[in-house]
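J.: Structure provided below as structure tokens; questions to follow.
The values are calculated or read from the model by the stated rules, or taken from the named source; none is laboratory data. Only a predicted model underlies this, so the values are computations on that prediction, with no experimental measurement involved. Cβ: placed from backbone, ideal geometry, glycine included. Neighbour counts: every protein chain shown. The accessibility values were calculated without ligands, DNA or RNA, using every heavy atom of the protein model including side chains. Shrake-Rupley method; radii C 1.70, N 1.55, O 1.52, S 1.80 Å.
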Amino acid sequence: MANMDLSKIQEAIANASNNEQLIGEMRKAYSKLQAAFDEFSVVFQSDYQPAKKERKPRAEGAKRPGRPKKVENQG
């Protein structure tokens, strides 16, 4: 009977450590969700204005991005 009690104790300890890890993961996920909901609440406010992204000027002599213009062959 002592063996049976010892195995139950070992099982309870193993389950407790697994549950502790799961609770830690759930806390991390909850904090990420809370941060996302905080951002949503800011975006959905009536006076929200999105921040305008500033563009950096091109370096001197840099080519413009995109496909080059077609040049018709003369001949």
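J.: Which of (1) modelled with pLDDT of 85 or more; (2) surrounded by 10 or more Cβ atoms within 10 Å (Cβ to Cβ) is the odd one out, the single condition R58 does not satisfy?
T.: (1)
J.: Then there is this: A12 is checked against (1) on the phi < 0 side of the Ramachandran plot; (2) within 33 Å of the chain's Cα centre (by Cα); (3) open to solvent by less than 100 Å² (accessible area, probe 1.4 Å) and fails just one. What number does that condition carry?
T.: Exception for A12: condition (2).
J.: Further question on the same structure: Can you pull out the residues in segment 15-55 that are at pLDDT below 90, open to solvent by 100 Å² or more (accessible area, probe 1.4 Å) and aromatic (F, W, Y)?
T.: Once the filter is applied, which keeps residues that are at pLDDT below 90, open to solvent by 100 Å² or more (accessible area, probe 1.4 Å) and aromatic (F, W, Y), segment 15-55 yields F40, F44.
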